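Q: Have a look at this one before I ask anything.
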Amino acid sequence: MRYSPLLRNAPISITTSLVFLWSCRDATGLGPPGVRGRWYQPQSGWARARPAVVGNIVYFGDGYGEVIARDVADGERKWTARIGQERIDGANILVRSGVVVAPLETYTVGLDAASGRELWRYRAPADTVGVPTGYVALPGQVIESRIDADNNTVYIPAWGASVSAVDLHTGQVRWVWQPGRIDGDTATSGVFRSGSNGVVVSGDTIFATLWHFVNRLGGFSQAWLVAIDRVSGRELWRVRLPYEGSGTLIWAAPVVYHNLIIVHTLSARTYGIDRETQKVVWEFTVDSAHLSTIAGAELYGDVLYVDGGDSQIHGLRPSDGTTISIAAFPAASTRDLLVTEKRIYVPIGAEVYILDRQTGATIAIAHQPGTYDPLFSSAAAFSNGLVFFTVADGAWCFEEP
């Protein structure tokens with residue numbers, strides 16, 4: 001794979017693009033030029049959760065506590081489940097073994113995939129423990145949490161540095177992992193704040209990314225990768241990444257590639273860690289990076305795609321972190337990337353850049369139809385040539401260009 005050098009330095013005019021897009025219309029009325037809309041359905045508010053597609057049903061969340069099962073062909077509602085007042089705010093909706101799992105803001109709910117009937121709900125442990133007088137314990141939050149599951153258990157990372165293993169069908173808690181107090185930081189003086197935003201299941205191991213506040217207000221933080229036994233919840237090992245900063249340093253879920261666990265941080269640093277030796281074997285960082293990188297790394301075949309924090313998507317060789325390809329876009333991704341055989345989808349708030357995966361060329365710049373206040377609030381889902389987005393006050397499906 002090789003991108004034209006012209007693409008690296010080509011200036012991108014947002015104003016020109018907007019004028020062009022607003023002056024033309026797709027024949028369906030459901031999308032801008034270059035994007036053929038399949039359907040567009042209204043729903044309330046907006047949600048962060050990436051939709052989940054299983055067979056002929058796609059599952060969306062909205063901004064007011066509803067999970068909506070829609071027909072893939074036309075977006076018509078099959079069922080709607082009202083599960084609370086909070087936004088469906090986890091990073092992804094997940095479907096396994098006939099159960100839909102939806103993280104809201106402070107709890108997670110399991111639903112029967114066929115009917116929407118609620119099966120269980122789960123609240124993670126408190127975000128802050130050992131609270132001294134004058135402080136308030138915060139609830140365990142699953143905002144932006146990237147959940148994963150096997151056929152029997154869903155694994156839920158939460159702010160509060162916990163990973164919970166919950167039975168898919170009953171909601172029974174199998175185990176809860178927490179890191180405990182850490183010598184030399186605020187945990188020993190009563191306040192413990194850290195959080196996990198991403199897990200991935202790999203064989204008998206759960207890999208989780210965490211941020212940890214070394215001082216009370218998060219002015220000094222660490223980023224960790226933790227390996228947890230899938231059956232017992234016992235911590236197997238912990239790696240402190242060679243990167244320190246402030247605040248919540250790491251949100252993305254890990255990526256597994258053979259013997260490597262790959263982690264992408266908010267500071268545009270990417271690390272490959274050997275799962276046997278727990279050593280960092282490679283690091284990728286762009287010297288010119290100046291943007292936060294919320295999106296995680298995405299693996300497609302033998303190429304790892306990351307937002308470099310420099311207004312470019314970098315294709316890396318996952319075995320050693322060396323650069324294979326580069327494609328430009330104008331800002332920082334605001335949700336996780338979607339990579340398909342043909343395309344790379346990069347949401348940047350009010351628009352999504354659709355890049356050719358082989359050449360890096362911008363195929364289309366999609367804007368939400370039917371609104372003057374657009375927002376691509378979720379990452380994209382993909383199935384059989386169709387792309388699905390949760391957008392402001394709506395659910396949108398368009399054909400892959």
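The values are calculated or read from the model by the stated rules, or taken from the named source; none is laboratory data. Note that the coordinates shown come from a computational prediction; the quantities given were computed from them, not determined experimentally. No Cβ is skipped: glycine too gets one built from the backbone with ideal geometry, and neighbour counts run over all protein chains shown. All accessible areas refer to the heavy atoms of the entire protein, side chains included, with ligands and DNA or RNA removed. Shrake-Rupley method; radii C 1.70, N 1.55, O 1.52, S 1.80 Å.
Q: Within the stretch 363-380, track down each residue that is of a type outside the set (A, V, I, L, M, F, W, C) and surrounded by 20 or more Cβ atoms within 10 Å (Cβ to Cβ).
A: Passing the criteria: Gln368, Pro369, Ser377, Ser378.
Q: Then there is this: Under 8 Å between Cβ atoms, which residue pairs at least 6 apart in sequence (or on different chains) link something in the stretch 319-342 that is in contact (Cβ under 8 Å) with a residue 12 or more places away in the chain and over 16 Å from Val303 (Cβ atoms) with a partner that is open to solvent by 20 Å² or more (accessible area, probe 1.4 Å) and of a type in the set (Gly, Ala, Ser)?
A: Ala328/Ala10; Ala328/Ser311; Phe329/Ser311; Pro330/Ser311; Ala331/Ser311; Ala332/Ser292; Ala332/Ser311
Q: To continue, here is another question. Go through the stretch 106-169 and tell me which strands (runs of 3 or more DSSP E), entirely inside it, have 2 or more residues that are open to solvent by 10 Å² or more (accessible area, probe 1.4 Å) and modelled with pLDDT of 95 or more.
A: Passing ranges, in order: 118-122.
Q: So, one more: Output the qualifying pairs, or none if there are none: Cβ atoms under 7 angstrom, residues six or more apart or on different chains, first residue in the stretch 125-142 and under 15 Å from Leu210 (Cα atoms), second residue in a loop (DSSP other than H, G, I, E, B) and at pLDDT below 70.
A: Close Cβ pairs (under 7 Å, with a partner that is in a loop (DSSP other than H, G, I, E, B) and at pLDDT below 70) amount to Thr128/Val191.
Q: Pairs only if they're at least six apart or on different chains, beta carbon under 6 angstrom, first in the stretch 71-96 and on the phi > 0 side of the Ramachandran plot, second open to solvent by 60 Å² or more (accessible area, probe 1.4 Å); list them, first residue then second.
A: Once the first residue is on the phi > 0 side of the Ramachandran plot and sits in the stretch 71-96, no partner that is open to solvent by 60 Å² or more (accessible area, probe 1.4 Å) comes close enough.
Q: Go through Phe388, Phe398, Phe382 for me and flag whichever is in a strand (DSSP E or B), over 22 Å from Ser145 (Cα atoms) and in contact (Cβ under 8 Å) with a residue 40 or more places away in the chain.
A: Phe398
Q: Please work out which residue is farthest from His314 (Cα to Cα), limiting yourself to the stretch 363-379 and to residues that are among the hydroxyl-bearing types (Ser, Thr, Tyr) and touching a residue at least 40 places away in the same chain (Cβ under 8 Å).
A: Ser377
Q: Could you please let me know if Pro347 is of a type outside the set (S, T, N, Q) and touching a Gly at 6+ places or on another chain (Cβ under 9 Å)?
A: Spelling it out, it is not the case that Pro347 is of a type outside the set (S, T, N, Q) and touching a Gly at 6+ places or on another chain (Cβ under 9 Å).
Q: Do we have any residue at all in the stretch 365-374 that's over 24 Å from Leu104 (Cα atoms) and charged (D, E, K, R)?
A: No, the stretch 365-374 contains no residue that is over 24 Å from Leu104 (Cα atoms) and charged (D, E, K, R).
Q: Given the conditions (1) within 24 Å of Ala379 (Cβ to Cβ); (2) open to solvent by 50 Å² or more (accessible area, probe 1.4 Å); (3) in a strand (DSSP E or B), and given that His290 satisfies all but one, which numbered condition is not satisfied?
A: That leaves (3) as the condition not met.
Q: I would also like to ask the following. State the number of residues belonging to the stretch 49-61 that are surrounded by 24 or more Cβ atoms within 10 Å (Cβ to Cβ) and outside any strand (DSSP E or B).
A: Total satisfying the criteria: 2.
Q: Does any residue of the stretch 252-263 turn out to be modelled with pLDDT under 95, touching a Phe, Trp or Tyr at 6+ places or on another chain (Cβ under 9 Å) and under 16 Å from Val200 (Cβ atoms)?
A: Looking for residues that are modelled with pLDDT under 95, touching a Phe, Trp or Tyr at 6+ places or on another chain (Cβ under 9 Å) and under 16 Å from Val200 (Cβ atoms), one finds none in the stretch 252-263, hence no.
Q: Here's another thing I want to ask about it. Here is a list: Phe207, Phe284, Phe220, Phe213. Which entry is farther than 20 Å from Ser162 by Cβ and crowded, with 18+ Cβ neighbours inside 10 Å?
A: Phe284
Q: Output the residue which, of all residues in the stretch 319-360 that are within 17 Å of Ala268 (Cα to Cα) and in contact with a helix residue (DSSP H, G or I) (Cβ under 8 Å, 6 or more places away or on another chain), is most open to solvent (accessible area, probe 1.4 Å).
A: Checked the stretch 319-360; the qualifying residue most open to solvent (accessible area, probe 1.4 Å) is Pro330.
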